[in-house]
Amino acid sequence: MYPLIASARILFRTALLIFVVTIVIGILNGMDIWQPSHNMLLTHVHAGTLGWITLAVLGAAMLMFGGESTEDEVRQARTLAIGAAAATVLYVIAFATGTGIFRPITGTIVLIAIVWALVWVAQRYARSDRTTPQLAMLLTMVSLTIGAVLGVLLGLLIARGSLPGLSTETARSLAGAHPPAMLIGYLILAGVAVTDWLLKGPDGRSGRIVAWALFIAGIVVNLSFILDVEALIQVATLLEVVAIVIYLVRMWPKIKPSAWTGGSGEDFARMSILFLAIGIVLLVNVVRLIISGELDPEAGTGPVGVLLAFDHAMFIGVMTNALFAVVASTWGLGDNRISLWFVNGGLTLFLVGLFADIAILKQIGAPVMGLALLHGIAVYYLATGRAETALTR
């Protein structure tokens, strides 16, 4: 049996269960039949980004860096998996209950787990073949750690109204960098790392350029918000666009029409790459609107639907497709056409509805996408209960 498959299973199964929370809130909100409270919206976001995506990304990292492992290393990986899963469950509960200081406390616990995961990945990277996806995964974990630190600062600022030793303006700048750090610095790079690994992209200089360009772009975005230098957002966006164009060209043999099978695990990875391209187009639009003053994300004024479309293109289009692909490929599942086409068909309607502010498309797309996601969760949760795996990497 693959050495760390048990640890990866813990992470994926916990992630899939937490994802149900995100989906149920999303369906009801997307159909406009329930307006969630602010606490529930934050639960929706964090159950998705940390409960589903981050736990599953760590599971993918354990598969990517698993290789040969001693019994002690297997035990250490299992302890990390259990610790990360438990910390994340507490964090999601903290958002759902809205209990003030409990959020930064549980956020700090999650941060400890994330730093632990970063150290683990760095150690495994040092003794790995250091392939392009392995480099991208290491940089992903660094970006995640930066975003997590900023998230704890944001939690403290909300709970206390200030950060010790910092002016109000500096505190708000640091805290305000958390959302873009997670969206741009972390999720895009994570999507590249996972899809490159699954589709076995060509190893070489271009792949490393993509990984480093996306990582640097994330850092530049952080600095733009912390230092309040608008021009840096444009620099970061240019880096993102160039990197993704290079990535699309590099992966073209893997994503061209003749490469698709119709519903395999690899097709989910191909769909993830397509949404990387869509996401970058949406990001350019978001930046354009912010620079022109038409959109103010902090105040929630202007065409906020464009920003929400970018968010969901990253969360579902890029990351959920990529992580479903990991599960399907690892546990040797056959075609899952229902999840592949209904999730992404519903998502497309939902994104168009958000972008163009057409309520009916959003109201149709949300339940189609959500129900197909629930179907996928059921299929993959049952699959991850099996001890055997088809993983041969």
- prompt: For the peptides 158-166, 89-97, what is the packing order when you average, over each peptide's residues, the other Cβ atoms within 10 Å and list the highest mean first?
  reply: 89-97, 158-166
query: Roughly how many nanometres apart are two label points built 7 Å out from the Cα toward the Cβ at LEU382 and SER206?
result: 4.1 nm
- request: Just tell me which aspartates and glutamates come within less than 17 Å, Cα to Cα, of LYS254; anything on the same chain fewer than 8 places away is out.
  value: ASP196, ASP203, GLU266, ASP267
- prompt: At HIS38 and ARG127, where each label point lies 7 Å from the Cα along Cα→Cβ, what is the point-to-point distance in nanometres?
  reply: 4.8 nm
- request: Would you list the P(r) distribution for the chain, with all Cα-Cα distances sorted into 10 Å bins from 0 and each bin expressed as a whole %?
  value: 5, 24, 36, 27, 7, 1
Order by protection proxy (mean Cβ within 10 Å, highest first), peptides 336-349, 280-293: 336-349, 280-293
task: Compute the signed sum of charges (Lys and Arg +1, Asp and Glu -1) over the other residues within less than 15 Å, Cβ to Cβ, of GLY365.
output: -2
statement: A 1.4 Å probe over the protein heavy atoms gives the range 274-316 a carbon and sulfur accessible-area percentage of 66 percent
field: When the range 226-266 is reduced to its Cα atoms, the Kirkwood hydrodynamic radius in Å
entry: 12.8 Å
query: Across the Cα atoms of the range 7-103, what radius of gyration and what greatest pairwise Cα-Cα distance (Dmax) are found, in Å?
result: 15.5, 52
- request: Could you grab the relative contact order for the chain? Cα pairs under 8 Å, six or more apart, rounded to a whole percent.
  value: 17 percent
field: Over 18 Å [Cα-Cα, the range 304-369], rounded percent
entry: 38 percent
task: Would you mind telling me the share, in percent, of accessible area of the range 121-185 contributed by carbon and sulfur at probe 1.4 angstrom?
output: 57 percent
query: How many times 2.2 N^0.38 Å is the alpha carbon radius of gyration of the range 297-342?
result: 1.61
query: How much of the accessible area of the range 1-97, probe 1.4 Å, is carbon plus sulfur, in whole percent?
result: 65 percent
query: Most mobile of PRO133, PRO257, PRO36 per a Gaussian network model of the chain (Cα springs, under 10 Å)?
result: PRO257
task: Would you calculate the separation in nanometres between label points at TRP260 and VAL281, each defined as 7 Å from the Cα along the Cα-to-beta-carbon direction?
output: 1.5 nm
task: Report the FRET efficiency, 1/(1 + (r/R0)^6), for ASP296 and ILE246, where r is their Cβ-Cβ distance and R0 is 45 Å, rounded to 0.05.
output: 0.90
task: Could you tell me which helices of the chain pass both thresholds, a Cα extent of 27 Å or more along their own axis and a mean Kyte-Doolittle hydropathy of at least -1.0, with helices taken as whole DSSP H runs?
output: 5-30, 71-97, 102-126, 132-160, 205-227, 230-255, 265-292, 359-383
1.4 Å probe accessible area per residue over the range 285-342, in Å²: 37 Å²
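The values are calculated or read from the model by the stated rules, or taken from the named source; none is laboratory data. Remember, predicted model here, so these are calculated numbers, not experimental data. Cβ coordinates were reconstructed from backbone atoms using ideal geometry, including for glycine residues, and neighbour counts include every protein chain displayed. All accessible areas refer to the heavy atoms of the entire protein, side chains included, with ligands and DNA or RNA removed. Shrake-Rupley method; radii C 1.70, N 1.55, O 1.52, S 1.80 Å.
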